[in-house]
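**Q** Just dropping this structure here.
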Amino acid sequence: MVAQIIKQAKVNTIITSGTGLYEVSHREERCRVDIVSSTCTCRMWELSGIPCKYAINALRTIRLKVEDYVHACYKKSANIRAYQVMLFPSAYIRAYQVMLFPIPDIKH
């Protein structure tokens with residue numbers, strides 16, 4: 001997914017506004033990127049946890065690795081932690097506790 005966004009990140013006009021602050025513009029679009037707080041005014045970075053095309057342009061300008069700014073939930077270590085506990089399926093559907101609706105009769 002990051003690779004797709006990197007392809008969308010064309011060379012834009014980038015203005016440094018301060019430490020970690022950038023204004024990235026492409027044609028009529030203009031966004032403010034804050035590298036320190038991992039935010040952009042397009043809001044895609046905050047919503048997805050993956051730097052948007054504007055943030056990628058800002059990160060590349062200062063020669064930082066985009067992968068270092070992807071949220072930790074997308075990293076391999078998070079995936080390994082999430083699936084380290086083995087879950088065993090129940091062999092019989094009626095072994096589950098009925099919470100809201102009765103289990104329909106299933107005839108095989």
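**Q** Per the Debye formula with a single identical scatterer at each Cα and no solvent contribution, what log10 I(q)/I(0) holds for the stretch 2-76 at q = 0.17, 0.19, 0.27 Å⁻¹?
**A** Here the Debye-derived log intensity ratios amount to -0.55, -0.69, -1.43.
**Q** Something else: Dipole magnitude of the stretch 2-76 about its Cα centre, charges +1 at Lys/Arg Cβ and -1 at Asp/Glu Cβ only, in debye to the nearest 20? If you can, show how the numbers build up before the last one.
**A** Values: 12 positive and 7 negative charges, 55 e Å.
Using only the charged Cβ atoms, the result is roughly 260 debye.
**Q** Expressed in nm to one decimal, what extension gain is obtained for the pair SER48 and LEU21 from 0.36 nm per residue of sequence separation less their Cα-Cα distance? Write down the numbers at each step before the final one.
**A** Numbers: separation 27, 0.36 × 27 = 9.72 nm, distance 1.99 nm.
Extra length from SER48 to LEU21 when fully extended: 7.7 nm.
**Q** From the Cα gyration tensor of the stretch 12-53, with a ≥ b ≥ c the square roots of its eigenvalues, which class applies: rounded if a/c is under 1.5, or else prolate if a/b is larger than b/c, or else oblate? Mind showing how you got there, number by number?
**A** On the way: a/c = 2.48, a/b = 1.19, b/c = 2.08.
Cα axes put the stretch 12-53 in the oblate bin.
**Q** Going by average Cβ density within 10 Å per residue, which order do the peptides 28-35, 82-89, 62-69, 48-55 take, highest to lowest? Show your work: numbers first, answer last.
**A** Numbers: 28-35: 16.8, 82-89: 6.4, 62-69: 11.8, 48-55: 21.5.
In decreasing order of mean packing, 28-35, 82-89, 62-69, 48-55 become 48-55, 28-35, 62-69, 82-89.
**Q** Label-point separation (nm) for LEU87 and GLU67, each offset 7 Å from Cα along Cα-to-Cβ?
**A** Using points 7 Å along Cα→Cβ, the separation is 2.9 nm.
Rule-based calculations on the coordinates, nothing more; no lab input. Keep in mind the model is a prediction, meaning the values are calculated, not measured. Here the Cβ is made from the backbone with ideal geometry for all residues, glycine too, and neighbour counts use every protein chain on show.
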